[in-house]
1. Quick check on residue 86: is it part of a helix (DSSP H, G or I) and either at pLDDT 50 or above or over 35 Å from the mean Cα position of the chain (by Cα) (or both)?
2. List pairs: first residue in the range 157-179 and over 11 Å from residue 234 (Cβ atoms), second residue at pLDDT 90 or above and surrounded by fewer than 18 Cβ atoms within 10 Å (Cβ to Cβ) anywhere in the structure, Cβ distance under 6 angstrom, at least six positions apart or on different chains.
3. Assess whether residue 41 counts as being surrounded by 12 or more Cβ atoms within 10 Å (Cβ to Cβ), over 30 Å from residue 258 (Cα atoms) and at pLDDT below 60.
4. Report those helices (runs of 4 or more DSSP H) wholly inside the range 114-224 carrying at least 3 residues which are modelled with pLDDT of 90 or more, buried (at least 20 other Cβ atoms within 10 Å of the Cβ) and out of contact with any helix residue (DSSP H, G or I) (no Cβ under 9 Å at 6 or more places or on another chain).
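The values are calculated or read from the model by the stated rules, or taken from the named source; none is laboratory data. Just so we're clear, the structure is a prediction, and the values are computed from it rather than from any experiment. No Cβ is skipped: glycine too gets one built from the backbone with ideal geometry, and neighbour counts run over all protein chains shown.
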């Protein structure tokens, strides 16, 4: 799973870099005459830009807005989003691969225990993936020490499995909080730039504050989008873990009942 995390992060970073380079190249190749005309006739340039964007794909528009927001503030938010998505996807895959048919597994363990004893039941656990199978194996491995030892082992190893399932969620929570904070920081910087322009010019006009306000709004927008996307994945992972923990607790009680009945034979 660690390799998967690195592959996803590297792929996402490469993809975002390629998009930004493509947009930067497209912007750099615009003729110089268009820039002069935009300075001389700002109203006409705005109308032309809106018409051009209306005819472009969403992909191109998003690249343009990313570049207009400024690398200094948009890139950190994008990095946080990519890393958070990589952690969320890794956790989802880990939990999905750890999910088993609990009722079927318990029936197999009970049948193996009644037919071949503790070693046969342990073999079933070894051949089954997931935290429930690991907990069952630890309990069966301590059956010779008594049922009290089995209960302690099940409780202790259940906590270990829960910790493993929650691995990485602390970083994901950090990224959820960090992405809007970076966006708001970009907002403050954009407003400061606008006021600096007003102070330098000694006058207030839309043209002076437009650049700074655009940076402020775009960075805030990207930060909020990143936080919302990561929050959805975070809540999904939490709900998935809660469901698996409940299954683990029910299965642990069932194991104790099975071993109690087996010890009376």
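1. Numbers: part of a helix (DSSP H, G or I): yes; either at pLDDT 50 or above or over 35 Å from the mean Cα position of the chain (by Cα) (or both): yes.
Answer is yes for this residue.
2. Filtered contacts from the range 157-179: 162/245; 165/241.
3. On the way: surrounded by 12 or more Cβ atoms within 10 Å (Cβ to Cβ): yes; over 30 Å from residue 258 (Cα atoms): yes; at pLDDT below 60: yes.
Yes: the conditions hold for residue 41.
4. Details: elements: 118-126, 131-141, 147-165, 169-201.
Once the helices (runs of 4 or more DSSP H) in the range 114-224 are filtered for at least 3 residues that are modelled with pLDDT of 90 or more, buried (at least 20 other Cβ atoms within 10 Å of the Cβ) and out of contact with any helix residue (DSSP H, G or I) (no Cβ under 9 Å at 6 or more places or on another chain), nothing remains.
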